[in-house]
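Colleague: For reference, the structure I am asking about is given below.
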Amino acid sequence: QVLDCARDGPAAEAPRRRAAGSTTGAMSSGIVARIQDIEKEVARTQVNKQTMSHLCSLRARLCQLRTQLLMPAPGAGAKGEGFDVEKQGDARVALIGFPSVGKSTILSTFTSTKSEAASYEFTTLTCIPGIIHYKDCKIQLLDLPGIIEGASEGKGRGRQVIGVARSVDLVLMVVDAGSGKAERQRELLEKELEVVGLRLNQQPPNVTLKKKINGGVSVSSSCQLISITEKDVFELLKEYKIHSAEVLFREDCTIDQFIDIIEGNRKYVRCLYVYNKIDMTSIEETRRIMAEPDSVVLSCRMNLNHDLVLAKIWEYLGLVRAYTKPRGKKPDFGDPLVLTTGRHGTSVEAACKQIHRSLLDSFDYAMVWGRSVKHTPQRVGLAHVLSDEDCIQIIKKRNQAGLDPHNQRKGDPNQSKNQVKKAKAKLKS
């Protein structure tokens, strides 16, 4: 048998791969059918006190099946070409939308990368990256292929597109304002992203779930629970086979939000809705769109609102530039440290980690010039939060345990006070 397998070689491998692919496809179609059945049952079930327990079980089962649908089958290889793009720049932004809404045109307009744009659908078939240079920062912009309805179930290249969307700092949801279907496109895109665990412009609820080995389930709250009851919590934990846990509610949350906490794999990301081709709509429609939250209008063909879109991207990313200042030298305004509000924070500790992680071990204090301090310069610690365009000078410990055991390096203990006095004297003069 071993000789027969060796003699078959690659010729015998192809049928095995086809069989594995057909098995995976059958499993996916079965999961999709079960999801559709549960959705129908949820839709036809009346909401009242007697059916809430049953609805909680259905919603939990629905989330489990959707998570199972996104996970690759064991032993199955990846289908086709992936979207593995090297991360560059200080932040990452993804263009997501239906085919032929102008994503490639936006990439070519805001970056030096030229992406093919045509009047037919599915012009872009893979992920095309570009770099936006704005306010001394580099922002990576990803042009993703258009997704279609049912992308979360594996239709088209929806899974690859949504997989990339989970790794970005900001989603630019592009819709065609001139087609008359902008709101419908927005609803479908929001639904597809929500199904796969992306929460747009939301914050995770202040609820703590701590699993235990034994002791049962205990539920406590420091606020009044309106959208969820203790019975709902017990039913949801039972559906996930969690029999011992401590649950603490510091704010009210819905059943779906509590399911997100149990799953623990949700991605909370900012989203900016870009209504492209605004030159093809009326003035009244444009004003209505501009009044909506998290929305901006754009026309690449007429060169309208380019600066506003860039300013909105900067605002939603929450980038903070910090300029380093060596001792006795001027600040380096050419190469700032770029900190992100949502990813690692904008504290002095985050700035030290970005320079080098070992800097925290020798950190003594920092001197900060800028809007984040009451007077300049001001001595601050690791927890101080920096503002945009602050200057920072990091002071190391002079005598570190292990590095200078015999205390050979001696210095003035009032050196920091003298520095502050000299800096104030220069400002007065």
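Bear in mind that the values in this text are calculations on the coordinates, not laboratory data. As the structure is a prediction and not an experimental result, all values here were calculated from the model. Counting neighbours? That spans all protein chains shown, and the Cβs are built from the backbone with ideal geometry, glycine included.
Colleague: Taking the Cβ-Cβ separation of K422 and V385 as r and a Förster radius of 30 Å, what is the calculated FRET efficiency to the nearest 0.05?
Modeller: Values: r = 26 Å, r/R0 = 0.88.
After rounding to 0.05, the efficiency reads 0.70.
Colleague: Could you list the chymotrypsin sites (Phe, Trp or Tyr not before Pro) in region 280-355 that lie in coil according to DSSP, counting only those with at most 13 other Cβ atoms within 10 Å of their Cβ?
Modeller: Working: sites: W314, Y316, Y323, F333; in loops: F333.
Those that pass, being in a loop and sparsely packed, are F333.
Colleague: Now for a separate question. Taking the Cβ of each residue in S362, S112, S104 as the centre, tally the other Cβ atoms inside 10 Å and list the residues starting with the fewest.
Modeller: On the way: S362 15, S112 10, S104 23.
Least to most surrounded, the residues fall as S112, S362, S104.
Colleague: Within the set K312/K397; K210/K267; K312/K421; K396/K421; K330/K396, which residue pairs have Cα atoms separated by over 30 Å?
Modeller: Numbers: K312/K397 41 Å; K210/K267 20 Å; K312/K421 41 Å; K396/K421 19 Å; K330/K396 18 Å.
Table pairs above 30 Å Cα-Cα are K312/K397; K312/K421.
Colleague: With a cut-off of at most 15 other beta carbons within 10 Å, and DSSP calling the residue loop, which GluC sites (Glu not before Pro) in region 207-312 qualify? Please list them.
Modeller: Values: sites: E230, E235, E239, E246, E251, E263, E284, E285; in loops: E251.
Passing both the DSSP loop test and the Cβ count: E251.
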